[in-house]
1. Ordered by residue, what ³J(HN,Hα) values in Hz, to whole numbers, does region 191-205 give under the Karplus form 6.51 cos²θ - 1.76 cosθ + 1.60, where θ = phi - 60° and Gly and Pro are x?
2. First measure r as the distance between the Cβ atoms of Arg97 and Glu170, then evaluate 1/(1 + (r/R0)^6) with R0 = 35 Å and state the FRET efficiency to the nearest 0.05.
3. How high is the relative contact order of region 55-139, in percent, counting Cα pairs under 8 Å that sit 6 or more residues apart?
4. Please arrange Leu40, Leu27, Leu140 by how many other C-beta atoms lie within 10 Å of their C-beta, fewest to most.
5. Given [x] 33, 20, 16; [y] 24, 22, 18; [z] 34, 27, 16 as candidate values of semi-axes √(5λ) of the Cα gyration tensor in Å, which corresponds to the one derived from the coordinates?
6. Just to be sure I understand the model, the point goes 7 Å from the Cα along the line to the Cβ. What's the resulting Met210 to Glu29 distance in nm?
7. Within 12 Å, Cβ to Cβ, of Ala201, how many net charges do the neighbouring residues add up to if Lys/Arg are +1 and Asp/Glu are -1?
8. What does the charge count around Thr74 come to, taking other residues whose C-beta lies under 9 Å from its C-beta (Lys +1, Arg +1, Asp -1, Glu -1)?
Amino acid sequence: MEAFARQPRASGVDLLLFPECFLQGYLVESEHLSRYALDLTTTSFQKILDRLSPIRPTLVFGVIEQCGAAYFNTAVVVRHGVLEGFYRKTHLVPGERLFQAGDAYPTFNLNGVTCGINICYDTNFPEAANAVAEQGARVLLVPSQNMMKLQAAETWKCRHHAIRAERVRETGMWLVSADVTGARDGSRIGYGPTSVMNPHAGVVAQVPTMTVGMVVAEIWPDLSN
């Protein structure tokens, strides 16, 4: 996150979005969760916030959260080293059985633009995006992790945008996604996409396939509200 914030393209941006479970890595196994999950109220997480405090843009990134005995797939909103809020993934895939599902759709305001969050698989369900839009949000942030087995990755390669476009047409929101890319162990591959989609479901910016990078888009406040 520090490295991306130092990139010239990040100069002047108000928000940086990162993928699902970005902080500790997306690995839903008992040993990984018990070793790396973080309670957001502890000094361990506060040390991470302190390190991120010099970064000017608001950060939204995925974490593996522990709350009591429960684990959550969570996205946090961090501004100048302060935890402003968090969203817990509400729709879990079968491989996420070690997580508990969240039950709320919080929003936050950034320079007059109301934003909400869905995490990856959430976008397959209209009610998840609608719950954000009904609160007046203009931007849906989608941290994702689509590192899949080879055959599944090919099947889904072109479907992610189609599914997200449905949510955009239903709600009229912008949709900004951050995904992983690359190959792993010769058995998995991630195509992304990391992209920005306008309220007409047009892709206005996208990181090229199999490339680590970032895109920037400008979204103005709705002055009519």
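1. 9, x, x, 9, 7, 10, 10, 7, x, 9, 6, x, 7, 9, 7
2. On the way: r = 29 Å, r/R0 = 0.82.
E(calc), rounded to 0.05, equals 0.75.
3. On the way: 148 pairs, mean separation 17.6, N = 85.
After rounding, I find 21 percent.
4. Leu27, Leu40, Leu140
5. Evaluating semi-axes √(5λ) of the Cα gyration tensor in Å on these atoms matches [y].
6. Output for this residue pair reads 2.7 nm.
7. On the way: positive: Arg164, Arg167, Arg169; negative: Glu166, Glu170.
So the surrounding residues net to +1.
8. +1
Values in this text are rule-based calculations from the coordinates and carry no lab data. Since the model is a prediction, treat every value here as computed from it, not as a measurement. Quick reminder, even Gly has a Cβ in these numbers, built from the backbone with ideal geometry, and neighbours come from all protein chains shown.
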